[in-house]
Every structure is written in C-alpha cells, then in structure tokens.
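What follows is a short report on a single structure.
The values are calculated or read from the model by the stated rules, or taken from the named source; none is laboratory data. Owing to the predicted nature of the structure, the values given are computational and were not obtained by experimental measurement. All Cβ positions, glycine included, derive from the backbone under ideal geometry; neighbour counts span all protein chains shown. We work out accessible area using only protein heavy atoms, side chains counted, and drop any ligands, DNA or RNA first. Shrake-Rupley method; radii C 1.70, N 1.55, O 1.52, S 1.80 Å.
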Amino acid sequence: MLCSKEDISRRISLGYAAFNKYTKAWNHRIPLNKRLLLYEALVVSVLMYNSSCWAAPKSVLEKLDIAHRRHLRSILNYKYPHHISNKILYERCNSEPLSVRVAHSRWRMLGHVLRGPTDGPAY
C-alpha cells in the first residue's frame, strides 16, 4: 500500500542499497562538498521519493533520520569509537533531518492542492 510504514521501510532499504552501490564515491580523496552533492543526488532522492504523501508516525520518520545520519557519518568517516553529536553532524554537512524535509514537502503539496481547481480530483 502506498504511503504506509512498509513503503517507507522499503524506501529506507533502497536508500541503503543506493548508498552501498556508490561506495567508491564516498572516497575521502573527493572533497566533502562534492561527496555531499553526490549523496543528495544519488541517495536522498531515493529516500525521499513520494514523500509528499507520507502520513507516517514519528517512529517511522525517526528510522528515516537514523539512516540519513548513518550515511552522513560514513561520508565523514566517523566510525564506532569516535562520536559526533547529531547537531554538529548536520551543521558540518550543511543538512537537516529528513523528517523536516518530509514535513516541508507535505506542506508544499497541500499548497498545490489548495490552489488547484475546486473541481479537480484532489477535492
């Protein structure tokens, strides 16, 4: 079923697959800003596909954020013994939690629906 917990879990697993597919792109010889651009284009787009219609509970969106943070830590080469707070991680990567992006895309979709014709299929 579309926009369900299973759909978002599938997006997360597809995001992990896309991230692992491009492991050579996360090489630390490539500048960080280029790696982050690649990550946004190749992985975040997979994770966020169809996110404007998600009506998920916070627990599922938290799993999405966990996957996103795990990817960012891997791009920055932070392994187990080293710790970095989530706030510093997002600042260093110039990013935000994906749950915030989901909320933003849902508001944007609502704006499109409200501005649409009243005899359209969304009403």
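Structure above, values below:
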| quantity | calculated |
| --- | --- |
| Cα convex hull volume per residue for the chain (Å³) | 122 Å³ |
| Per residue accessible area of the chain, 1.4 Å probe, in Å² | 66 Å² |
| Extension gain from LYS58 to ARG10, taking 0.36 nm per residue of separation minus the Cα-Cα distance | 15.6 nm |
| Contour minus Cα-Cα distance for ASN27 and HIS83 (0.36 nm per residue) | 18.1 nm |
| Relative contact order [Cα under 8 Å, 6+ residues apart], the chain, whole percent | 30 percent |
| Cross-link table LYS34/LYS87; LYS5/LYS79; LYS63/LYS87; LYS58/LYS87, entries beyond 24 Å C-alpha to C-alpha | LYS5/LYS79 |
| Order by protection proxy (mean Cβ within 10 Å, highest first), peptides 102-112, 23-33 | 102-112, 23-33 |
| Cβ crowding within 10 Å averaged over residues, with 69-77, 53-61 ranked highest first | 69-77, 53-61 |
| Sulfur and carbon atoms: percent of accessible area, segment 14-123 [1.4 Å] | 59 percent |
